[in-house]
Structures are given as C-alpha cells and as structure tokens.
Amino acid sequence: MTDTKPTSPQNSSGTGRRLRSRAWFDNPDNPDMTALYLERYLNYGLTREELQSGAPIIGIAQTGSDLSPCNRHHLVLAERLREGIRSAGGIAIEFPVHPIQETGKRPTASLDRNLAYLGLVEVLYGYPLDGVVLTIGCDKTTPACLMAAATVDIPAIALSVGPMLNGWFRGERTGSGTIVWKARQMMAAGEIDYQGFIELVASSAPSTGYCNTMGTASTMNSLAEVLGMQLPGSAAIPAPYRERQQAAYETGKRIVEMVHQDIKPSDILTRDSFLNAIVVNSAIGGSTNAPIHINAIAKHIGVELTVDDWQTHGLGVPLLVNLQPAGEYLGEDFHRAGGVPAVVSQLMTKGLIREDAPTANGRSIGENCRNREILDTRVIYPIDQPLRINAGFVVLRGNLFDAAIMKTSVISDGFRERYLSNPDDPEAFEGRVVVFDGPEDYHHRIDDPDLGIDAYTILVIRGTGPIGYPGAAEVVNMRPPAELIKQGIHSLPCIGDGRQSGTSGSPSILNAAPEAAAGGGLALLRTGDRIRIDLRRGSADLLIPDAELAERRAALEAAGGYPAPPSQTPWQEIQRGMVDQLDKGMVLKPAVKYQRVARTMGIPRDNH
C-alpha cells in the first residue's frame, strides 16, 4: 500500500475545529449532561482522562459476525484497527452494523441494504463519534456503509475484509458463486448428483473472506478503493494474508489523521471519482449490481449520476482483468498481479482515468497509481492487448422498460454466434418468449417440454424487483432446460426485472425498470410473444401493435396491476412504500434529501 501523508497527533482538529465528541464528553456549559454521557462509558474501563483528553473518538462500524461469515474476519481485523487508532492518538469504540449476508438472508440480502444504511446513519449522527472506519466486504455491506457515511459526512475510511483464498477441485480453480451456476447445469445434465453438487460448490470456499471471483463483493470493494474511500492497494488483499492485518493497522492510523485534517466523504466522493469507478468496473469485468450501488452512493452524497453514464463512460473501456466469471483466475491471483492500482495505471496511459480525483490518503488517484506495474500479465492484461474491447454495459430501453443493462464482457463466443452474428442484422436478435412469474414458477416449469423452449427462445422472469419480490432478488440468470444443456446449449437470452449474482457469467438483460410490480412493460408480456433486442440502438421492444399494447395495459390496470406477494415483515412493507427503482439506485426516496447532516443539522439535541 502507498504510505499516507503524516500528521501530528493533536488534542483537537488540525483546523482548530472543536471535535464533535466534546459536545458529549467535555461541555462545561452543561455539566449534568456531560456527567450523564461520561459515566456509562466509564463502566467498562475507559477513563475520564481518555474521554476528556481531546483525543478523537473513532467508531469501528463492525459488519462481521457469525451470521455474516464473509465479513467475520473483521472481528480479528478490528484488533489491528484499534492498535492503529490508538498509536495515532485516537480512542476506538466498536459497534455492530445490521448483518447482511448475501448467501444467508431470505428473501434477499438486498432487502437489508437500506435497513443497514438507516441504522448506521443514526449511529454516526447520534453518538459521540469524530470519525469512523467502515468494515466492508460482502456485497451489500459496502454500499450500505458508504451510503451512510455519505449522508452523515463525518471523516470516514473503509477497510475491506478481503476475498477468500482460491478454491480448488481436482486441480482446477473453483470460483465462489460461479461454480454454483456451472454445477447446476452439470446436475441438470446428469453429470453429478446431489452430493457431488454440494462437494463441488463447497470447494470454492476454502478460507475466511468474501467471494474469490469478480462478483459483486470483489467489484464493490475494488470500486471503494477507486472512489478513494480505501487506502490504495488494499482492496484485493486476500482475507488470511498478513498484508490484510497490516492494512487494518494503517487504516486505523489514517482515520485519526483524517479527523485532524477534517477530510470527509464529501471531500473525496466527487463526480470524477464516480466516473473513475465506472471506467474501472468495465476494466475488471465488474458486477451488474455495481450501477445500483454506486448510483445510490452518488445520490446520498449529492453527485449527479445516471444509469446512462455507465454506457457513456464505460462501454468503450477494454476488459483487462482475467477473473471468473468473465475470465479464468481468482482473487489471490488478482492481488499478486498488482490489484486495483495496476489496472488504474494501465487505464491512465490511455487517459481514461480522471487523475486528480482525491483519495483517503490525501493524495490523488493519479499519484497513488502512476507507474504501478502489472506483476502477472496472465491475470491483468496490458491495455494494448486486452481480453476484449468495449467491455462495459449496454443500456437498453423501449416499450418493455425505461432502462435495463446488459454486461458485454460475459458474452461468450457461442452466445454471440447464435444470437448476435446475423450479417444482415448484427448485434440484434428476435425471439419468442417464455414468461415466468418469479423463481418458484421458473424452477417448477423450466424443464416442462410443453413450453417448447428451443435454442432461440428468450426466457423472461418478472415479479423480482424492489417492490415485487420484495428487495430485487438475484434470480435473472436462468439456466436452459436440461435437454438443451445435454445438446451443448448452456445459455439462453434472459430478461428480468430483478438482479443476478455478480458471479454469474450469463449476459442477461436485467435490472429492468420500472419493474412489473410498478407497472413496467414486462407485466404486459405473454408467453408466445416475440421481442426484439438491438444492442446497437439500445432498444428492447415487444413486437405487437401499439393498440394491443394499450389494451393489455388497460386490462392490467383494471385488474389492479401486477400481483405481488404480501409483505411478511414490517420492514418489507416500509421499504416497498418508499423504495426507488433499480435504475435509480433502489434508494429510499425520502432519505435522499438528507445530505451531509453532521454539518447541515449540527449536533443532535440532548437526550435528557
């Protein structure tokens, strides 16, 4: 990692600013409240001398727990964070963040992103914290933490837990998540049984840490570094490596310096930073969930960013990182090859990075990454010899939806040959659709021969968005029927109003907005309809006359709209009532108006 600029420990901020924690712990104008705030924080061994010393109080937002195995290693890393904070003259206070485990939470972990965000906002604003270390890792923990830090806007830095070690099975790399989609096809084709399925998938998780593929976790942790919210070079370090604990120590030291220098998320998260994230996402083969989360962070920091920016600034960027699912290698290999700084350095040589974008260590991204070498060209390709060109997202719209995206870096040669290589109509295809209403319907009927699914059928799944599911589930990457898999056809065009795992190599058209449950065009589709997809024009249309489309919409509205299952918990109902669509970041619409609240709202009122 790059060294941080040094600063001298002080008893107040370097700008002469009174630290906000003093309003709790050292307010002579209100001795009764000061005594009340102090006394309970003394009961586990902190001293009055410490709390009234003027030392910065640094929160450790702990996302690790037994419920969150991807982030569990943060329970260990927090010890090194504490040592770094203490060595720089700060006082650490660790607190829990609502758990979000992608592979554990039903009906979907994305339902909890906004819930964790809300809870963390209240902690950062309402407690005596001068700065915070955000312990990030598993998919939704990263955006939840960054969104909250953006909203409150006190000094903040992120620490990734790191990916798992490489998975191996019979001499071959097995990537977490990605191997699941391969194994389910193998099982459908009769190549493995239930026990073989479990054994193969379990081989991809050999250690603590998050997915070792370029899924949503590796993507969002890489982009957190590009955004400037992590120390440079720290995102890709595998969780068990000694460098991960060293990064924790340096991060702890740096957050104390950031408090003294008053470096806040609003000083780091500029539009240039977000555009850099879009560019790097294409170069690393990043997840289709990135636009949802990055756009949400931008909304909460007040930076204008739209789903169209992902095509405008990302589509023409080449794929440089050879990681599953778009490539061959895994997380350990990416770190050893040079990680994020090596990728950024390559992009800088072509003027694709806005080099003056600030970062948490006090230097620009250009200063941090200039001349960083690729250490293994099998894993990170030179920009003049990329894996593929034009590797970003295509944004599609038409009478089916206002916006959806397709990840071009995972379009296989076979998929392109079958669907996108008509010389009279290149980069476009038409097909008959089979429509599924949710994943239960899909799993129940996908192998039904009466559906007539062939190699040119388009699979559509709906009722899987922020409102309809609820929470927007990762279910769009649907496998073909077993009979087609046995014939060597391993992917069909898929469309849906939900999401799919970043570990999936399916070139689905997904994140469709508005979703069926919000009146989107997918609600009007019927099995047997024909649709046309044109990547050159960015269009996706149901091929029926406008008059018939209007009749279908009128009938749907008369029936009360597309049916969604009832809410099962209070939070499901609350979120459904205020959540935005996927192209808008799936944020809670009323929350966006609360910007930089530590500054705009001042210190909260006393509690007694």
To the nearest 20 debye, what charge dipole does the stretch 492-552 have about its Cα centre, counting +1 at the Cβ of each Lys and Arg and -1 at the Cβ of each Asp and Glu? 240
On a 0 to 90° scale, report how tilted helix 141-152 is relative to the longest principal axis of the chain, with both axes built from alpha carbons and the result rounded to the nearest 10. 50
So which aspartates and glutamates pass the test for Lys253, namely a Cα distance under 16 Å, with those fewer than 8 places away in the same chain ruled out? Asp3, Glu79, Glu83, Glu94, Asp130, Glu243, Asp262
Which entries in Lys350/Lys593; Lys105/Lys182; Lys105/Lys350 show an alpha-carbon gap greater than 32 Å? Lys350/Lys593; Lys105/Lys350
With unit charges on the beta carbon (Lys/Arg positive, Asp/Glu negative), name the residue among Gly252, Ala547, Ile446 whose Cα is farthest towards the positive pole of the charge dipole of the chain. Gly252
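Can you tell me the dipole magnitude for the chain around its Cα centre, using point charges on the Cβ only (Lys, Arg +1; Asp, Glu -1), in Debye to the nearest 20?
Working: 58 positive and 69 negative charges, 207 e Å.
In debye, rounded to 20, the chain gives about 1000.
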Using a 7 Å offset from the Cα along the Cα-to-Cβ direction at both Asp448 and Arg86, what is the distance between the two label points in nm, to one decimal? 6.3
Hey, what's the stretch 241-359 come to in accessible area per residue, 1.4 Å probe, Å²? 27
Electrostatic dipole magnitude of the stretch 369-437 [Cβ: Lys, Arg +1; Asp, Glu -1; Cα centre; debye, to 20]: 300
Can you classify the stretch 481-525 as rounded, prolate or oblate using the Cα gyration tensor, where a ≥ b ≥ c are the square roots of its eigenvalues, rounded means a/c under 1.5, and otherwise it's prolate if a/b beats b/c and oblate if not? oblate
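Give the shape of the stretch 123-190 as rounded, prolate or oblate, defined through the alpha-carbon gyration tensor: a ≥ b ≥ c are the square roots of its eigenvalues, a/c under 1.5 means rounded, and otherwise the shape is prolate if a/b is larger than b/c and oblate if not.
Working: a/c = 5.99, a/b = 2.94, b/c = 2.04.
Cα axes put the stretch 123-190 in the prolate bin.
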Mean accessible surface per residue for the stretch 48-137, computed with a 1.4 Å probe while every protein chain stays in place, in Å²: 36
Whole-Hz ³J(HN,Hα) from phi, Karplus 6.51 cos²θ - 1.76 cosθ + 1.60, for the stretch 64-75, glycine and proline x: x, 5, 5, 6, 10, x, 4, 9, 4, 5, 5, 5
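At a 1.4 Å probe radius, carbon and sulfur cover how many percent of the accessible area of the chain?
Numbers: 11410 of 22960 Å².
In the chain, the share of accessible area belonging to carbon and sulfur is 50 percent.
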Quick one: length gained pulling Asp413 to Asn27 fully straight, 0.36 nm per residue minus the C-alpha distance? 132.2 nm
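Below 8 Å, C-alpha to C-alpha, sequence gap of six or more: please give me the relative contact order for the stretch 43-91 in percent. All intermediate terms of the calculation are to be shown ahead of the outcome.
Working: 31 pairs, mean separation 19.0, N = 49.
Value for the stretch 43-91: 39 percent.
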What residues have an amide H closer than 5 Å to that of Ala92, excluding those fewer than 5 places away on the same chain, when H is modeled at 1.01 Å from N in the peptide plane? Ile58
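Which peptide among 80-92, 147-159 comes first, and what is the full order, when sorted by highest mean count of other Cβ atoms within 10 Å? Walk me through the intermediate numbers first.
On the way: 80-92: 21.0, 147-159: 27.8.
Order by mean packing, descending: 147-159, 80-92.
How do Lys407, Lys253 rank by accessible surface area computed with a 1.4 Å probe, from largest to smallest? Don't jump to the answer; show the numbers that get you there.
On the way: Lys407 10, Lys253 60 Å².
These residues rank, largest area first, as Lys253, Lys407.
The values are calculated or read from the model by the stated rules, or taken from the named source; none is laboratory data. Keep in mind the model is a prediction, meaning the values are calculated, not measured. All Cβ positions, even for glycine, are placed from backbone atoms using ideal geometry, and neighbour counts span all protein chains on display. Remember, those area values only see protein heavy atoms, side chains included, never the ligands or the DNA or RNA. Shrake-Rupley method; radii C 1.70, N 1.55, O 1.52, S 1.80 Å.
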